[in-house]
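Each remark here refers to the structure printed beneath this line.
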Amino acid sequence: SDRYCVFGHPIGHSKSPRIHAAFAEQTGEAMTYEAIEAPRDDFAGAWRAFAAAGGRGANVTVPFKEDAFRMAEDLSPRAQRAGAVNTLWLDDGGRLHGDTTDGVGLARDLEMHAAPLAGARILVLGAGGAVRGVLEPLLATRPASLTIANRTAARAEALAADFADLGDVRGGGFADVAGPFDLVINGTSASLAGDLPPLPEALFADGALAYDMMYGAEPTVFLVWAAERGARTVDGLGMLVEQAAESFFLWRHTRPDTAPVREMLRQAL
Ligand code: ATR
């Protein structure tokens, strides 16, 4: 059977092995999927060892997405834009391909929640790698505008400039944010520390959706704050499953049904 894995550091809490095992069982694909902790300073060596042992492809998570980007011989256009790779695979000729599925994963999860997208006013919080990776698929949904707000305003401005050819994209600091917005996506890592970005009270339009790319057993501080202000709230667990399904499709050319896997993970939180 074909071997796949996820590389990260740390990797102990990754849900990816469970997700891909469920996909493989559901679709009858003969494959295994394991978690491998690569050394921080030698991702390339870890990949080479895995490939030499029969590895066909891999997911890549923190902190190796840029290493994977540099290592891939053939990059998809969306990976080039993102500057990051979360999915690697070898073709029959032994050529190493790199793609990123985080952005489509987010877009698909947003669609499943009937989020306002086409014609919507979208606000994205954060300007790090996680946000860069999702901007192209978000802009492909044809929002009216997309505003990027970040603690370090200059990073948001630079990111907006990089994507300005794809739509009405603006960048600035939190103090510059002027609502209302139909969709607000938290792509900062502030939730990890239990921090809330300093946001204005009047942020949400009627029927607005607040989305946090993080998830956990309890709602994040951002989602609690948003719910108190009348927004519908969704966490990032669905995005995790949808990006995994897209990687699975790149490797196996078959699309698993994500609904039972989403449900399984939610129960296990
Ligand atoms: P990632 O790959 O998760 O995006 P990153 O590139 O380190 O990681 O980016 C983290 C993001 O979360 C950045 O937008 C960061 O803001 P700065 O660019 O100003 O550093 C944001 N962030 C992290 N902790 C935060 C906090 N406590 N409050 C607000 N924003 C925070």
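What are the pairs, 6+ residues apart or on separate chains, where a residue within segment 23-45 that is assigned by TED's automatic domain parsing to the domain that holds Pro10 has its Cβ under 8 Å from a residue that is part of a loop (DSSP other than H, G, I, E, B) and hydroxyl-bearing (Ser, Thr, Tyr)? Once the first residue is assigned by TED's automatic domain parsing to the domain that holds Pro10 and sits in segment 23-45, its partners that are part of a loop (DSSP other than H, G, I, E, B) and hydroxyl-bearing (Ser, Thr, Tyr) give Thr27/Thr254; Glu29/Thr254; Ala30/Ser1; Met31/Ser1; Thr32/Ser1; Ala35/Ser14.
Among the residues of segment 215-233, the ones that are within 17 Å of Gly126 (Cβ to Cβ) and crowded, with 21+ Cβ neighbours inside 10 Å come to 5 in all. Going through (1) in a strand (DSSP E or B); (2) among the aliphatic types (A, V, I, L, M); (3) within 16 Å of the ligand (Cβ to nearest atom) one by one, Leu196 falls short only on (1). Criterion applied to Ala175, Ala107, Ala130 was being in contact with a helix residue (DSSP H, G or I) (Cβ under 9 Å, 6 or more places away or on another chain) and free of Cβ contacts under 8 Å to residues at least 24 places away in the same chain, and the one residue passing it is Ala175. Among the residues of this structure, Glu111 does not count as one that is more than 29 Å from Phe50 (Cα to Cα) and either within 16 Å of the ligand (Cβ to nearest atom) or polar (S, T, N, Q) (or both).
Close contacts from segment 253-269, counting a first residue that is on the phi < 0 side of the Ramachandran plot and a second that is surrounded by fewer than 18 Cβ atoms within 10 Å (Cβ to Cβ) and among the hydroxyl-bearing types (Ser, Thr, Tyr), with Cβ to Cβ under 7 Å and a gap of 6+ residues or different chains, come to Thr254/Thr27; Pro256/Thr27. In this structure, Thr101 qualifies as among the β-branched types (Val, Ile, Thr) and out of contact with any Pro (no Cβ under 8 Å at 6 or more places or on another chain).
Screening Glu201 with (1) away from the ligand (no atom under 16 Å from the Cβ); (2) in contact with a Leu (Cβ under 6 Å, 6 or more places away or on another chain) gives one miss only, at (2). When the residues of segment 176-193 are filtered to those that are of a type in the set (A, V, I, L, M) and either part of a loop (DSSP other than H, G, I, E, B) or modelled with pLDDT under 95 (or both), which remaining residue is nearest to the ligand (Cβ to nearest atom)? That would be Ala190. Out of all the residues in segment 144-155, is one or more in contact (Cβ under 8 Å) with a residue 24 or more places away in the chain, more than 15 Å from Tyr211 (Cα to Cα), within 16 Å of the ligand (Cβ to nearest atom) and of a type in the set (D, E, K, R)? Scanning segment 144-155, I find at least one residue that is in contact (Cβ under 8 Å) with a residue 24 or more places away in the chain, more than 15 Å from Tyr211 (Cα to Cα), within 16 Å of the ligand (Cβ to nearest atom) and of a type in the set (D, E, K, R), so the answer is yes. Against the condition farther than 24 Å from His113 by Cα, out of contact with any Phe, Trp or Tyr (no Cβ under 9 Å at 6 or more places or on another chain) and in contact (Cβ under 8 Å) with a residue 24 or more places away in the chain, how does Gly207 come out, does it pass? So Gly207 does not fit the description; no. Residues that are modelled with pLDDT of 95 or more and of a type in the set (D, E, K, R) number at least 3 in the following helices (runs of 4 or more DSSP H) confined to segment 103-175: 153-163.
The values are calculated or read from the model by the stated rules, or taken from the named source; none is laboratory data. None of these values were measured; they are calculated from a predicted model. Methodologically, a virtual Cβ is constructed for each residue, glycine included, from the backbone with ideal geometry; neighbour enumeration extends over all protein chains shown.
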